[in-house]
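Comments concern the structure below.
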Amino acid sequence: MLGLLQSRADWSGAELAARLDVTDRTVRHDVARLRELGYPVDAVRGPGGRYRLGAGARLPPLLLDDDEAVAVAVGLRTATGTAGLEEPGRSALAKLEQVMPDRLRRQLTALRTASTAGPANTDSDVEDPEVDPGVLRDVAAAIRDHQGLRAFSRGEPVELEPYHLVAWQRRWFLVGRDVPTGTWAPYRVDWLELRTPGGRRFTPAPFPGDLTEFVVREVARTGWAVHARIVVDASAEEVLARINPAVGTVEALPDGRSVLVTGGDSVETVAVWSGMLGFDFHVTEPPELVEHVRVLADRYTRAAPAAG
């Protein structure tokens, strides 16, 4: 219907019904749906009722509901964190916003301005967590409007001043300030269950540092199902040269060794990453990781032929 309305000045309801092979009632329903989506369809008085596009008649026949618009924005935002796709992704997102109805444009703009993409690790084979598009949309709107959030994070109640969204490791993190303590932390969006009503409006405090570095460091420490501090028999510079920035952070030790602060969704993933460093390393916690490293050591020992 939107394509037909763009093809000439106006149409009667009967003409639209005939061209679309639907009833007059369906035509009225579809016109109402276009208006709900923000497309300006005007009714023109005349025999049988007539319709035409108002301001914005040059819009292409692009119909996206709220969740679809968020999905497109998320895909393009992720593309801007991929080498070679930064500028095309930004350009495509800007063009998309220009042709969206005002209500959806505001949602896309909120998500674009409220988020950035962190360093990607394309080697990960961990299954992506599901993120509710409605939660992403509401969080982005809260950042835009400086509206506090009340939520449950893995069952624990939190009250936040939302500051920014960071897409990292195919996950979304909300950087926010905890209202009771004033401390900054990243919160996994797929772990958030928003509560109604939300928190109070607030004046944003400046963030102390680099957002992406903060997320990488803090997520390695607190944002995974499994966290580990791995002592590596190599300098921090040597370890940094071997790892993807998405793996975690590296701390230098006085004796020339270093500590890799990392994590993952399973002990298997952390153990594999550690073994791929190419340096001797030592793990003391968590106990599940220590045990899995022992299992792997025994397995590899059995796999290798005995020294003759």
Can you say whether Phe173 is part of a strand (DSSP E or B) and closer than 19 Å to Thr262 by Cβ, as far as the supplied structure shows? yes
So if I check each of Pro254, Pro245, Pro204, which one is on the phi < 0 side of the Ramachandran plot, assigned to a loop (DSSP other than H, G, I, E, B) and at pLDDT below 90? Pro245
All positions within region 3-24 that are within 21 Å of Arg103 (Cβ to Cβ) and either crowded, with 17+ Cβ neighbours inside 10 Å or at pLDDT 90 or above (or both): Leu5
Note on Trp168: of the conditions (1) of a type outside the set (Gly, Ala, Ser); (2) under 20 Å from Gly75 (Cα atoms); (3) at pLDDT 95 or above, unmet is (3)
Just give me the residues in region 266-308 being acidic (Asp, Glu), at pLDDT 90 or above and not in a helix (DSSP H, G or I), in sequence order. Asp280
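Every residue, every condition in (1) open to solvent by less than 10 Å² (accessible area, probe 1.4 Å); (2) closer than 21 Å to Leu108 by Cβ; (3) free of Cβ contacts under 8 Å to residues at least 40 places away in the same chain, yes or no:
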site	(1), (2), (3)
Asp132	no, yes, no
Val135	no, yes, no
Ile143	no, yes, yes
Arg150	no, no, no
Arg154	no, no, yes
Tyr163	no, yes, no
Trp168	yes, yes, no
Leu174	yes, yes, yes
Count - residues of region 25-52 that are basic (Lys, Arg), under 24 Å from Met100 (Cα atoms) and part of a helix (DSSP H, G or I): 3
Tally the residues that are without any contact (Cβ under 8 Å) to a residue 40 or more places away in the chain, assigned to a loop (DSSP other than H, G, I, E, B) and hydrophobic (A, V, I, L, M, F, W, C), restricting the search to region 1-24. 2
Take region 188-215 and flag every residue that is open to solvent by less than 100 Å² (accessible area, probe 1.4 Å) and over 16 Å from Val166 (Cα atoms). Leu194, Arg195, Pro197, Gly198, Gly199, Phe202, Pro204, Ala205
Name the one entry in Gly263, Gly275, Gly248 that is closer than 19 Å to Trp168 by Cα and touching a Leu at 6+ places or on another chain (Cβ under 9 Å). Gly248
All but one of (1) at pLDDT 75 or above; (2) touching a strand residue (DSSP E or B) at 6+ places or on another chain (Cβ under 8 Å) hold for Arg144; state the number of the condition that does not hold. (2)
Only one of Glu285, Glu238, Glu218 that is over 22 Å from Ala167 (Cα atoms), surrounded by 14 or more Cβ atoms within 10 Å (Cβ to Cβ) and among the acidic types (Asp, Glu): Glu238
State all residues of region 241-267 that are over 27 Å from Thr212 (Cβ atoms) and either open to solvent by 80 Å² or more (accessible area, probe 1.4 Å) or among the hydrophobic types (A, V, I, L, M, F, W, C) (or both); if no residue qualifies, say none. Pro254, Asp255
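The values are calculated or read from the model by the stated rules, or taken from the named source; none is laboratory data. Since we're looking at a predicted model, the values are computed, not measured. Cβ: placed from backbone, ideal geometry, glycine included. Neighbour counts: every protein chain shown. Note: accessible area is taken over every heavy atom of the protein model, side chains too, but ligands, DNA and RNA are not part of it. Shrake-Rupley method; radii C 1.70, N 1.55, O 1.52, S 1.80 Å.
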